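Reading through the structure tokens given below for one structure.
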Amino acid sequence: MFRLFQYLTLQVEPTAACNLDCKICMRRNLGRPNTSLSLDNFKKILDSGNFRYVGLHGWGEPLLNQQLFEMIEYAETSGVGTNLTTNGTLVRENMNGIFGSGLREIAFGVYDKDLLSQCSPQIDELIREKKRRRSKRPKTYLDITIYQENLGQILDLVELAPELQIDAVILHRLFNVYKVDAAIKYILDEEEDELFAEIRRLAKTLKLEVYIPPKHSYPCRIVKRSIFVTAEGEVTPCCFLPEFHLDNALESRVREIMHSKAYADFVKNMKTHPICSRCQW
């Protein structure tokens, strides 16, 4: 088994509220209240482990949390790098916070060209503002989910990244295990192999930084590298397990939870877990 506690990334859900209802998002099936994490609770969570990096994302739109940029500023001044994943539709009204907080990275989650077209004017404004300020931050990413329905759009989305002057592209597989929507399907293994080969060739031509997911394995790379805390403070090994709670970070330190027998048992038995055993992410 891999060595525990070589974790560098804390994933925190700033809010469970969202301004969109994306068809590939399992948020619609969770039935959770639109809880938002407070700044004080964020500080408590961040300070309860030895983290070098915090990803601000979850099953809501982080920019809806009014204290988000105070969280980012607190993390950065504490020596913890920050990443924000957003649907990109609220960037314009949060421009000052994005640049003023010291945010290190921002990823725009997209899954088709229609969604990208909705947020691309705001991405363009962010890029122009970044140039105007002569700032290296935040580094920008397109975060693209791959599934059967959008397979024919993936190369187009990758090609659009340099046109938008995006710094890099992150690709990841669909997660469609938890309360499955049968209408949304994974691509086949051979389709994935062909797609990734084409993307590598395209990235080389475009001189574009692209992150392609490795083959799924156990213990999975997400659990090896991170721990997820919901807006309610619930600690779970993975953001795709929002109802599998090990403990609450507002009551126990995250580091202690990661040392617990419950956590070790989860890692040991991941291959037979009802969700993890079917995950391809």
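The values are calculated or read from the model by the stated rules, or taken from the named source; none is laboratory data. Please read all numbers here as calculations on a predicted model, not as lab measurements. A quick note on method: Cβ atoms are made from the backbone with ideal geometry, for glycine too, and the neighbour counts reach across all protein chains shown. Quick note on the areas: whole protein, heavy atoms, side chains included, nothing else; ligands and nucleic acids left out. Shrake-Rupley method; radii C 1.70, N 1.55, O 1.52, S 1.80 Å.
Carbon-plus-sulfur fraction of the accessible area of the chain, 1.4 Å probe, in percent?
48
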So, in nm, how far is label Asn34 from label Arg200 when the simple model puts each one 7 Å beyond its Cα toward the Cβ? 4.5
Once both label points are put 7 Å beyond Cα along the C-beta direction, the Ser117-Arg173 separation in nm becomes 3.1
Paramagnetic label zone (point 7 Å from Cα along Cα-to-C-beta, Leu155; backbone N under 18 Å) in segment 84-122: 112-113
How do Lys43, Lys215 rank by accessible surface area computed with a 1.4 Å probe, from largest to smallest? Lys215, Lys43
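If DNA, RNA and ligands are ignored and the probe is 1.4 Å, what is the ranking of Lys224, Lys131 by accessible area, most exposed first?
So, going from the largest accessible area down, we get Lys131, Lys224.
Keeping to pairs on different chains or 8 or more places apart, tell me how many lysine pairs in segment 167-220 have Cα atoms under 26 Å apart.
4
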Which of Phe69, Phe175, Phe266 fluctuates most in a GNM of the chain (C-alpha springs under 10 Å)? That residue is Phe266
Most mobile listed residue (Leu202, Leu142, Leu157) in the chain, GNM with C-alpha springs under 10 Å: Leu202
Name every cysteine in the chain that ends up alone, with no second cysteine's Cβ under 4.7 Å, or say none. Cys18, Cys119, Cys220, Cys238, Cys239, Cys276, Cys279
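Find how much the distance from Glu251 to Lys215 grows on full extension, using 0.36 nm per residue of separation minus their present alpha carbon separation; answer in nm with one decimal.
On the way: separation 36, 0.36 × 36 = 12.96 nm, distance 3.59 nm.
This chain segment gains 9.4 nm when fully extended.
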Indicate the gyration tensor shape class of segment 67-204 (rounded, prolate or oblate), computed on the Cα atoms with a ≥ b ≥ c the square roots of the eigenvalues: a/c under 1.5 is rounded; otherwise a/b larger than b/c is prolate and the rest oblate. prolate
Just to be sure I understand: with springs between alpha-carbon atoms less than 10 Å apart, which residue in Leu39, Leu155, Leu188 has the highest mean-square fluctuation in the Gaussian network model of the chain? Leu188
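For Asp47 and Gln165 in the same chain, what is the full-extension length gain: residue separation times 0.36 nm, less their Cα-Cα distance, in nm?
Working it through step by step, the gained length comes to 39.0 nm.
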Within straight-line cross-link reach of Lys130, lysines at Cα separation under 18 Å, skipping those fewer than 8 residues along the same chain: Lys139
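Using a 1.4 angstrom probe on the protein heavy atoms only, could you order Ser117, Ser226 from most to least accessible area?
Listed by decreasing accessible area, they come as Ser117, Ser226.
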Using only helices, what value at 222 nm comes out for the chain when you add -39,500 (n - 2.57) per DSSP H run of length 4 or more and divide by the total residues, to the nearest 500 deg cm²/dmol? -9500 deg cm²/dmol
The chain: Rg/Rh from Cα coordinates, Kirkwood Rh? 0.94
With a 1.4 Å probe and all protein chains left in place, how much accessible area per residue does the chain have, in Å²? 47
